[in-house]
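The values are calculated or read from the model by the stated rules, or taken from the named source; none is laboratory data. The structure presented is a predicted model; accordingly, all values stated were derived computationally and were not measured. Every residue, glycine among them, receives a Cβ derived from its backbone with ideal geometry; neighbour counts consider all protein chains shown.
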Amino acid sequence: MSSGVAWAGTLAERGAAALLPTYARYPVELVAGSGCRLRDSHGRSYLDLVAGIAVNVLGHGHPAIVEAIRQAADGLLHVSNLYWTEPMVRLAERLTRAAGMERAFFCNSGAEAVESCLKLARKARPGRRRILCFERSFHGRTLGALSTTAQPWYQESFLPLLPGVEALPFGDFEAAARAIDEDVALVLVEPIQGEGGMRPAPPGWLRLLRERCDAVGALLAFDEVQSGVGRTGSFFAYQADGVLPDAVASAKALAGGLPMGVLLARGAAATAFQPGDHASTFGGGPFVAAVAHAVLDVILRDGFLDQVRRKGARLRAGIERLVATRPLVAEVRGRGLMLGLRLAAPRASELVDILRDGGALTCPAGADVVRFVPPLTITLEELDEALEILARALDTLAAREPPA
Ligand code: PLP
């Protein structure tokens, strides 16, 4: 039996003793949230520009989500995939329709959606040895997904990884055209790299991937775990590029803050798995599916994605003004409300700290990029407030000595 003594200390001290040290958490204890605001245990309010890393698309405490949870709590929480449940089937119908896909496999996270995709490629393209991904990609931390996360410091301690995975330069037309051959089962790519620095694929490059995959019979899958569910101003980012993949991995925002992932597929990829090939105990459960429906009801409402594009344009224009006036800001990149501010020096962590002190939560995407992925329900006034906090934070950063 543990005594009360073991629980003494600050929350951070207790957390450091009780949890595996996998995260370098910020020194903030969040206790409440409403809309785009979060409150910490000292009563301090923050503008949430990170949304649980692109998860809380409708902010905190959105009435549609709260109501869906209330109603779903009276129904079934879980029955397993031994049986049919209506919320799951209807969700598969809605998501496949929104994505231009045919069938769905539900799981609980982005990494699991990617794992499903890797297994699907093995099953749909037996005998092919190669899987292609791209430098600076991020597809998750399980061993399969990690094998395709082509950033050495994530991988180094966990070798050996999946054989046959190769990373090509992101956005390189020639390298992709050369590498995609008849031995490739799968080309896996984020249409807009998130963790890798909020980097959109250059125009025409996804189309080239599609054409090469078609020419050699390889599957093309897009990882929209971060960019999906309206974040970039279209339901999935690839829809703005006009390129249809064979499979799409999505997660994060799907159920507005509850864990849900999905792999959507079409054509031969949609029929490759047979009963027993893959599974997830919790995948597509009735409770979480009901909440995902509430998210879709809002995101797919007429005009919602238009306003995401308008808000994205406003935030981008505001950051572009800072590019013009603050030498520390090199560029803004991304799409819709998935934007990155690239600094001229690797000082993203410092800026994130200063922004937090100034009342805005953000997170880095690499050493020189600060990421803005706010709730899609953020108001224009809140965006302007964010830009004011950002301008002040940049001035503070500029006045500080860069770290040696
Ligand atoms: N794929 C992308 C593009 C992501 O951004 C992430 C998480 O940040 C993942 C996959 C992994 O998702 P999860 O953390 O839900 O496993």
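Remark: Arg103 matches the filter, which requires a residue to be closer than 27 Å to His78 by Cα, basic (Lys, Arg) and away from the ligand (no atom under 16 Å from the Cβ). Could you check, for the stretch 386-402, whether at least one of its residues is of a type outside the set (Lys, Arg), part of a loop (DSSP other than H, G, I, E, B) and over 19 Å from Ser34 (Cβ atoms)? Yes, that holds for at least one residue. Scanning the stretch 97-121 for residues that are more than 10 Å from Leu263 (Cα to Cα) and assigned to a helix (DSSP H, G or I) yields a count of 7.
Inspection of the stretch 249-265 finds a residue satisfying the criterion of being touching a strand residue (DSSP E or B) at 6+ places or on another chain (Cβ under 9 Å) and more than 14 Å from the ligand (Cβ to nearest atom). Checked against (1) more than 16 Å from the ligand (Cβ to nearest atom); (2) farther than 27 Å from Leu343 by Cβ; (3) assigned to a loop (DSSP other than H, G, I, E, B); (4) among the small types (Gly, Ala, Ser), Gly233 passes all but condition (2).
When Leu161 is tested against (1) part of a strand (DSSP E or B); (2) surrounded by fewer than 18 Cβ atoms within 10 Å (Cβ to Cβ), only condition (1) is not met.
Going by what's in this entry, would Phe158 be described as within 16 Å of the ligand (Cβ to nearest atom), out of contact with any His (no Cβ under 8 Å at 6 or more places or on another chain), closer than 16 Å to Leu220 by Cα and hydrophobic (A, V, I, L, M, F, W, C)? So Phe158 does not fit the description; no.
When we screen Gly340, Gly366 for residues that are in a strand (DSSP E or B) and closer than 24 Å to His139 by Cβ, the only hit is Gly340. Find all pairs meeting these conditions: Cβ atoms under 8 angstrom apart; at least six residues apart or on different chains; first residue within the stretch 352-370 and farther than 15 Å from Arg39 by Cα; second residue surrounded by 20 or more Cβ atoms within 10 Å (Cβ to Cβ) and of a type in the set (Asp, Glu). Between residues of the stretch 352-370 that are farther than 15 Å from Arg39 by Cα and residues that are surrounded by 20 or more Cβ atoms within 10 Å (Cβ to Cβ) and of a type in the set (Asp, Glu), the close pairs are Ala365/Glu195; Gly366/Glu195. Residue pairs whose Cβ atoms lie under 7 Å apart, separated by 6 or more positions or on different chains, with the first residue in the stretch 250-271 and basic (Lys, Arg) and the second not in a helix (DSSP H, G or I), are Lys252/Val55; Lys252/Val225; Lys252/Gln226; Arg266/Met101; Arg266/Glu102; Arg266/Asp246. Of the numbered criteria (1) in contact (Cβ under 8 Å) with a residue 40 or more places away in the chain; (2) surrounded by fewer than 23 Cβ atoms within 10 Å (Cβ to Cβ); (3) more than 16 Å from the ligand (Cβ to nearest atom); (4) not basic (Lys, Arg), the one Val184 fails is (2).
The rows are residues; the columns are (1) of a type in the set (Asp, Glu); (2) crowded, with 16+ Cβ neighbours inside 10 Å.
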site	(1), (2)
Ala265	no, yes
Thr281	no, no
Ala290	no, yes
Ile299	no, yes
Glu320	yes, no
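Considering Leu132, Leu120, Leu168, the condition of being touching a His at 6+ places or on another chain (Cβ under 8 Å), under 23 Å from Leu206 (Cβ atoms) and away from the ligand (no atom under 15 Å from the Cβ) is satisfied by Leu120 alone. Please find, among Arg326, Arg371, the residue that is touching a Pro at 6+ places or on another chain (Cβ under 7 Å) and either surrounded by fewer than 20 Cβ atoms within 10 Å (Cβ to Cβ) or closer than 24 Å to Gly228 by Cβ (or both). Only one candidate passes the filter, namely Arg371. Of the numbered criteria (1) more than 22 Å from Arg97 (Cβ to Cβ); (2) buried (at least 18 other Cβ atoms within 10 Å of the Cβ), the one Gly285 fails is (1). Among residues that are part of a strand (DSSP E or B) and without any contact (Cβ under 8 Å) to a residue 24 or more places away in the chain, Val332 is included. Among the residues of the stretch 56-81, those identified as assigned to a loop (DSSP other than H, G, I, E, B) and surrounded by fewer than 21 Cβ atoms within 10 Å (Cβ to Cβ) are Gly61, Asp74, Gly75, Leu76, Leu77, His78, Val79, Ser80, Asn81. Residues that are within 16 Å of the ligand (Cβ to nearest atom) and either in contact with a Cys (Cβ under 7 Å, 6 or more places away or on another chain) or at pLDDT below 95 (or both) are absent from the stretch 284-297.
Against the test of being within 22 Å of Glu102 (Cβ to Cβ), at pLDDT 95 or above and of a type outside the set (Phe, Trp, Tyr), the options Gly257, Gly233, Gly197, Gly217 yield a single qualifying residue, Gly217.
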